[in-house]
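What follows is calculated from the coordinates using simple rules that are stated; it is not laboratory data. In this text the structure is predicted, and so the values were computed from the model without any measurement. Positions of Cβ are backbone-derived with ideal geometry, glycine not excepted, and every protein chain shown enters the neighbour counts.
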Amino acid sequence: MIIIQDILVSDDIVAKQFHCNLSACKGACCWEGDYGAPLEDAELTILEADYEKIAPYLTEEGKAVIEREGKFTYYKEADENGTPLINNGACAYLNYTELGIAQCGIEQAHQAGATDFKKPISCHLYPIRVNASPKQGFEAINYDVWEICSAACQLGKEQQIPIYQFVKEALIRKYGEAFYEELDAAAQYIAAQAEKNQG
């Protein structure tokens, strides 16, 4: 475990490699799983305020679910708010490319300049998951191992891209530039020590 600015960082985040391979998985993380994408409190307000700008980039099925259930759903088992699901499957905010690859409607709206909200930070950070306990005063980031991402693990190994580098933009968005620079320095130090020990 590495500690950066009081955040506990799993060793796997600097030791394991990862790079999304959408041609292989088709964006399965957008329709697999038991819950929608976790949402932070501030993101709930943004979705409420910007939904009409995002809606044109969603499927009719997704919009129907959101109009019926709301912009977000509280998942009791997970004790967190998340995006609504279509028939307990796909995220209501997704749509598909002509090749059948899932893509985020929120991100498309952002790219079109319709909203400043890029997409939920939980999606942006993936395969990192944030575990926070404000009452206990700790926050940890861990590598979420998921079988559907096996192709991403393989591609990451081929390209030698550590997880923390793959999600650099998201880590800076969440924790700031200084956090990322400290994490990068720690990762380089660990790698240098490992190489030294092997020598």
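Net charge in the neighbourhood of ARG68 (other residues with Cβ under 13 Å of its Cβ; Lys, Arg +1, Asp, Glu -1) is -2. Would you mind pulling out the separation of the Cα centroids of segment 69-93 and segment 1-67, in Å? Centre-to-centre distance over Cα atoms comes out at 12 Å. Per the Kirkwood formula applied to alpha carbons, segment 31-126 shows a radius of gyration over Rh ratio, Rg over Rh, of 0.92.
Label separation (SER150 vs GLU60): 3.7 nm, computed from points 7 Å beyond Cα along the C-beta direction. Simple spin-label estimate for GLU69 and ALA132 gives 2.4 nm between the two label positions (7 Å along the Cα-to-Cβ direction from each Cα).
Sorting 102-111, 142-151, 11-20, 186-195 by average packing, meaning the other beta carbons within 10 Å per residue, from highest down gives 102-111, 11-20, 142-151, 186-195. Only the Cβ atoms of Lys and Arg (+1) and of Asp and Glu (-1) were treated as charged; on that basis the dipole of the chain about its Cα centre amounts to roughly 280 debye. Net charge of the neighbourhood of ALA102, taken over other residues with C-beta under 15 Å away and scored Lys/Arg +1, Asp/Glu -1, is -2. Plugging the Kirkwood radius over Cα pairs into Stokes-Einstein for the chain, at a temperature of 10 °C and a viscosity of 1.306 mPa s, what D comes out in µm²/s? D, rounded to a whole number, is 88 µm²/s. Only one residue of GLN198, ALA15, VAL130 has its Cα farthest out toward the positive end of the dipole of the chain, where Lys and Arg carry +1 and Asp and Glu -1 on Cβ, and that residue is GLN198. If the segment from GLU169 to GLU181 were pulled out straight at 0.36 nm per residue, it would be longer than the present Cα-Cα gap by 3.1 nm. Label separation (LYS76 vs GLN5): 3.7 nm, computed from points 7 Å beyond Cα along the C-beta direction.
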